[in-house]
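Structure first, then comments.
The values are calculated or read from the model by the stated rules, or taken from the named source; none is laboratory data. Note that the coordinates shown come from a computational prediction; the quantities given were computed from them, not determined experimentally. With ideal geometry, Cβ positions are generated from the backbone for all residues, glycine too; neighbour counts draw on all protein chains shown.
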Amino acid sequence: MNILESIIQALQSIKANTLRTVLTLLSISIGIFAIIGAGTAVSTLEGSFNTQLVAMGQNTFMIKRTPSVNFGNSWRKYRNRKDITYQQAKEFKYQMEGISLVSLHNETDGYTAKRNNFFTDPVVTLIGADENFFVVKNFVIETGRAFGMSEVTSSAPVVIIGNDLVVQLFNGENPIGQFITLKNQQFQVIGTLKSQGSMFGRSLDAQAVIPLTVFSRYHSDEWTSSVEITTKAYSKEQLAEAVDESIGMMRSLRNLKPWEDNTFEVETNESVSSQFASFSNYLQVFGLGSGLISLLAAGVGIMNIMLVSVKERTKEIGIRKAIGAKRKWILFQFIIEAITLCQLGGLIGIFFGVLAGQGLGALINTEAAIPVNWVIFSIVICTLMGLAFGSYPAWKAASLDPIEALRYE
Amino acid sequence: MSNPLIHIEHIARTYEMGGETVHALRDVSLDIFPNEYVALMGPSGSGKSTLMNILGCLDTPSSGVYTFKGLDVNEMTDDDLAEIRNKEIGFVFQTFNLLPRATALKNIELPLIYSGISSEDRKERAIKALEDVGLGDRMLHRPNELSGGQRQRVAVARALVTKPSIILADEPTGNLDTKTGIEIMKLFQELWSKGNTVILVTHEEDIARHARRIIRIRDGKVESDTINPNPVTSFEIP
Ligand SMILES: Nc1ncnc2c1ncn2[C@@H]1O[C@H](COP(=O)(O)OP(=O)(O)O)[C@@H](O)[C@H]1O
Ligand SMILES: [Mg+2]
């Protein structure tokens, strides 16, 4: 059958009803854009997230007041949880000694570091940490040294700074031994961190690590007073046991009765990934949902255009029937036309959807993935749309009486 | 005599129009044999086109019998009728009825597309048909780039390209000036002398004189059905 002729015909009917066709194609494009855009965003975030998870290190798990990824209304469930206090955390660390390596830390955002006339952007994350932090969290010291247990217990005003601070405050000078100011408090730089790049568009080098004792005394407020515990099991085999042990210990430290739920979160690499997966599913479903609604509206538009096209070409249909076109030929011609229109809108949507995904990727400094399966899905959806919304007009065309159609002017 | 190509018996066709019944045809019976050249004559509104559409399987009678090559047309489905129109019948209309956006060649290929001929065969046959009507140099012109006479030649080529059993022409010269009208009549004369069956609707005596048999219709009935004793065979341009 002559597909090419039908495709050309479809393109000609765009010329014939420009405004209506453009509006309809636009809504198809928006629908497909939403689907592809969400698909690209999810693939891109997943790629970036997985890279970071691998870097976070094996055999570690965290205990914290609330989960790291949460969305929707779930925060209600967590807001009444009591803090993990420094005392509790210290007791936990003490009891876990010999079972696994435990690090305590806490952090807060939005600091500006200063030195003489130099300022950083107000995006520095201030981390209060203990002496195990660097090993457990894979924070590699580039120059200088980390702080030890005695500096933590004595609340020494020392700091280890990330690469952004080195660049913005020291301008090529050696930072070791120099002093910087963080919220009116002077710290001596004793080490620098190896650059970690960025994640989700945020630099991971705008960091300053100080002893947890100093942090707790001067820099935590009611929002950031809960300590996070990171535990590194000595081997993969010991991980599960260490997790069980930790849960039991935390429950008793927080005086939970056997029938009460945990009032803290235990997060392993896997559990964080699965939280992230449910977030990305949410995004995907949202994109899909809004996309499909827009496509439904577009479908009605396509049907309308096709009905007008059938009406305007009644005479042509009559001619085709007079020279022997069977029903299936007329059906086929108009359905191909509808599918062509849908595909055209779809391709525009795919193009801009992928472009938006690439834009997002550039924004957060990661390689954007092209969601091949969503592209295929979109093409299939457009074909089905053409079929679904082109069928009625095509059926109308195929059912025209040849004489009546020939007489139509 | 051989079997008739077309046999109709007591055919009637009525239309319902705003609660009124219009009798376009009342009780028409006819036989048409292979290689006849027939003119259907009659005043406007007498039912010529209605009869032609029924003979061409575009329309079906309200009552009566119609057999085409021995097959009962009343029993056929819409797709069967489409197949007959495609393979057995070549239509030529007063208003040409070409697809405006397609080239002459494409217009002629169309019936071949519908009969499932491969694209090379199709093209070859369409080119041949265009050459036969003297338009070999106009293949890629669209209808609006052709004169009325040339358009009607394209329409004749389209009617011929499937090698139908019968050519039906409904006032084929009605939209043409006398000179081009005569050219088209010359074409029909040639077709007939090569063995084709031609039925021509007209209300002009000058045109009807070319046919070998003249059937006159009035008020939906056959008024007379006579052999033309001296058909015109010369085509002097006046
Ligand atoms: N589709 C139709 N609906 C109603 N009346 C029709 C229709 N087609 C033809 N007629 C009527 O039938 C009669 C015969 O028409 P037609 O066959 O076209 O005549 P002719 O071709 O001889 O001029 C006319 O009175 C015409 O008005
Ligand atoms: Mg007529």
Checklist outcome for this item: Just one listed residue, out of B:THR162, B:THR197, is within 14 Å of chain A (Cβ to nearest Cβ) and under 15 Å from the mean Cα position of the chain (by Cα), and it is B:THR162
Checklist entry - What number goes with the only condition from (1) away from every other protein chain (no Cβ under 14 Å); (2) within 16 Å of ligand 1 (Cβ to nearest atom); (3) part of a strand (DSSP E or B) that B:ALA169 does not pass? => result (1)
Item to check | Verdict on B:ILE127 being surrounded by fewer than 23 Cβ atoms within 10 Å (Cβ to Cβ) and either under 27 Å from B:VAL201 (Cα atoms) or at the interface with another protein chain (Cβ under 10 Å from one of its Cβ atoms) (or both) | outcome: no
Next on the checklist: Any residue that is more than 15 Å from ligand 1 (Cβ to nearest atom), hydroxyl-bearing (Ser, Thr, Tyr) and not in a loop (DSSP other than H, G, I, E, B) - is there at least one of those in the stretch B:15-25?
Outcome noted: no
Checklist entry - What strands (runs of 3 or more DSSP E) lie completely within the stretch B:29-122 and have 1 or more residues being of a type in the set (Gly, Ala, Ser), facing chain A (nearest Cβ under 9 Å) and surrounded by 18 or more Cβ atoms within 10 Å (Cβ to Cβ)? => result B:89-92
Item to check | Scan of the stretch A:139-155 for residues that are surrounded by 15 or more Cβ atoms within 10 Å (Cβ to Cβ) and under 22 Å from A:TYR86 (Cα atoms), ordered by number | outcome: A:PHE139, A:ALA146, A:PHE147, A:GLU151, A:VAL152, A:SER155
Item to check | Single match in B:ASP78, B:ASP72 (criterion: acidic (Asp, Glu), away from ligand 2 (no atom under 16 Å from the Cβ) and within 26 Å of B:SER2 (Cα to Cα)) | outcome: B:ASP72
Checklist entry - Scanning the stretch A:110-136 for residues that are in a loop (DSSP other than H, G, I, E, B) and crowded, with 18+ Cβ neighbours inside 10 Å, which turns out modelled with the lowest pLDDT? => result A:THR120
Item to check | Unmet criterion (only one of (1) out of contact with any Pro (no Cβ under 8 Å at 6 or more places or on another chain); (2) away from ligand 1 (no atom under 16 Å from the Cβ)) for A:PRO402 | outcome: (2)
Checklist entry - Do we find a residue being touching a Leu at 6+ places or on another chain (Cβ under 7 Å) and touching a residue at least 12 places away in the same chain (Cβ under 8 Å) anywhere in the stretch A:274-291? => result yes
Checklist entry - So which residues in the stretch B:11-28 are surrounded by 22 or more Cβ atoms within 10 Å (Cβ to Cβ) and away from ligand 2 (no atom under 14 Å from the Cβ)? => result B:ILE11, B:VAL28
Checklist entry - Can we say B:THR162 is touching a residue at least 60 places away in the same chain (Cβ under 8 Å) and surrounded by fewer than 20 Cβ atoms within 10 Å (Cβ to Cβ)? => result no
Checklist entry - How many of the residues making up the stretch B:15-41 are out of contact with any Gly (no Cβ under 9 Å at 6 or more places or on another chain) and either at pLDDT 95 or above or not small (Gly, Ala, Ser) (or both)? => result 16
Next on the checklist: Out of the residues in the stretch A:268-327 meeting the condition of being among the acidic types (Asp, Glu) and within 14 Å of chain B (Cβ to nearest Cβ), tell me which one is farthest from the chain's Cα centre (by Cα).
Outcome noted: A:GLU316
Item to check | Enumeration of residues in the stretch B:217-234 that are surrounded by fewer than 18 Cβ atoms within 10 Å (Cβ to Cβ) and touching an Asp or Glu at 6+ places or on another chain (Cβ under 8 Å) | outcome: B:LYS221
Next on the checklist: Based on this model, can you work out whether B:ALA159 counts as among the small types (Gly, Ala, Ser) and in the same structural domain as B:ALA126 (by TED's automatic domain parsing)?
Outcome noted: yes
